[in-house]
Amino acid sequence: MRDLKSQYICSQCGRLENKWLGRCPDCGSWNSFVEEIVKKGSSTLVRDTNKSQVVTLSEVKIDNNFRYTSEISEFDRVLGGGIMRGATVLLGGEPGIGKSTLMLQLLGSLKNLKLLYISGEESPSQVRLRAERIQIDLNSISLFTDSRLQQIEELLRREKFDVVVVDSLQTLYSEEIPSPAGSVNQMRMCAMELVSLAKREGFALFFVGHITKEGQIAGPKAIEHIVDTVLYFEQAEGGVRIVRAVKNRYGSVDEIGIFLMEERGLLSVKDPGGFFVSKRESSFLPPGIAFSVVVEGSRTFMVEIQALAVPTKGGYPRLYSERIESSRVMRVAAVLERHAKINLLDKDLYVNVAGGITLKEVAIELPLALALYSAISSKALDSKLVSIGELSLAGEVRPVSYTDKRVKGALEMGFTTIVGNQNLKGNFKEANFVTCRTIKEAVDIVRNPN
């Protein structure tokens, strides 16, 4: 025990301290420091015996087959076109959302490559049963059920795999660190060692990570900085799964992949333009519904924003919004009340997005305001109307980017009226463009459509 000492590490950002602190000086998190046991006078990192050499850029050799493409088109889209040789990817998601299924499907879709699946949570029989359920070639994937870092590194150096999946990051541990598996030190050290090995050996490495109650990948943020790509696996309504990139050194972070969870695994949704719009038998649109168009990467999506306003019963108005940030809804509601004279002080507000997709871009602020107005006034909007625009605190409707792409997507879905602070009549003669420069003008337009 004399060779061991205690230190405290922030579970959010990885800051080290010799004593416990209530609030992290770096990231500002409260009660995030946890105790870790380390060896005195030694680094928490294992030194590699392989010596690196300095070379000029002209001496660096580039393999023509540096990117692998799979049959999972939506996953390739999020990665930036496929799997890069030597790339490291962290996939996070809630328990049971389908992370292991997606990783097995990914390995099963790759042809003529040496593949390895490392399982630290499930037994070999459990992995095989899942592979049989999704009907992939059992002979094409090698399985290794061990969580010890030293044994994994020895196997990877000896066998020379092309793609490796580690399920999950929280189960890895090194015998060099006295902390238990899943601790901050263990995850950071194991991730750094395997990422470094993947760069040298040239194999693609996928980590599966768990999500905390706060919706973040368990472990310090330093782990996200170590890998090349960070993906979040989100669950929407009706068996819909969304893979979203929050970091990608080899592609855009604006792309999302949309999947449907079925008995045989995850199926790519190839044409999701109107996937998140409710299908109604009649053209009647209930009050509180507004449509808009969002741009995610190279694709456009029609979205349906839903709002409900009911009288406040407890004396204090409440706001519930899961798919749009509550702070944005409050700001839009304040602009609507101040500049369009719509009373919201005595109303509880509920905001939702059809299909369960999360919306973050500014173009949804005008349709959100119109949905709130429609809910409060009980006056339904035109079922063929799409609104696009950003709201300023002064009540102005500002133009947004990719307007041509948004309008084209709306017209393809059968919408005919476009409301916003832009005039593209010369580009789309079949559309009815209604220009509004303030939120009051926009409300007057939908209040008196004729």
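Bear in mind these aren't lab numbers, they're just calculated from the coordinates by the rules spelled out. Remember, it's a predicted structure, so these values are computed and weren't measured experimentally. In this analysis, Cβ positions are derived from the backbone assuming ideal geometry, glycine residues included, and neighbour counts consider all displayed protein chains.
Key figures for this structure:
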quantity: In Å, descending, principal axis extents of the Cα set of the chain; calculated: 78, 52, 48
quantity: Neighbourhood charge, 13 Å Cβ-Cβ cut-off, centred on Ile357 and excluding it, Lys, Arg +1 and Asp, Glu -1; calculated: -1
quantity: Whether the stretch 382-450 is rounded, prolate or oblate, judged on the alpha carbon gyration tensor where a/c under 1.5 counts as rounded; calculated: oblate
quantity: Among Gly93, Ile364, Pro286 - extreme Cα towards positive end, dipole of the chain, charges at beta-carbon; calculated: Ile364
quantity: Between the stretch 63-85 and the stretch 152-216, the alpha-carbon center distance in angstrom; calculated: 21 Å
quantity: Across Lys19/Lys247; Lys408/Lys440; Lys341/Lys408; Lys347/Lys440, pairs whose alpha-carbon gap is larger than 29 Å; calculated: Lys19/Lys247; Lys341/Lys408
quantity: Rounded to 10°, Cα long-axis angle of helix 365-377 versus longest principal axis of the chain; calculated: 50 degrees
quantity: Antiparallel DSSP beta bridges within the stretch 289-447, percent to nearest 5; calculated: 60 percent
quantity: Sequence of Thr56, Thr145, Thr229 once ranked by neighbouring C-beta atoms within 10 Å, starting from the fewest; calculated: Thr56, Thr145, Thr229
quantity: Neighbour-count ranking [beta-carbon atoms within 10 angstrom, fewest first] of Tyr68, Tyr316, Tyr117; calculated: Tyr316, Tyr68, Tyr117
quantity: Span from the the stretch 253-330 Cα centroid across to the the stretch 345-382 one, whole angstrom; calculated: 10 Å
quantity: Gyration tensor verdict on the stretch 63-268 (Cα atoms; rounded if a/c is under 1.5, prolate if a/b is larger than b/c, oblate otherwise); calculated: rounded
quantity: Span per principal axis, largest first, for the Cα atoms of the stretch 296-450 (Å); calculated: 51, 32, 26
quantity: Least to most buried among Ile118, Ile97 (fewest other Cβ within 10 Å first); calculated: Ile97, Ile118
quantity: Neighbourhood charge, 13 Å Cβ-Cβ cut-off, centred on Arg158 and excluding it, Lys, Arg +1 and Asp, Glu -1; calculated: -1
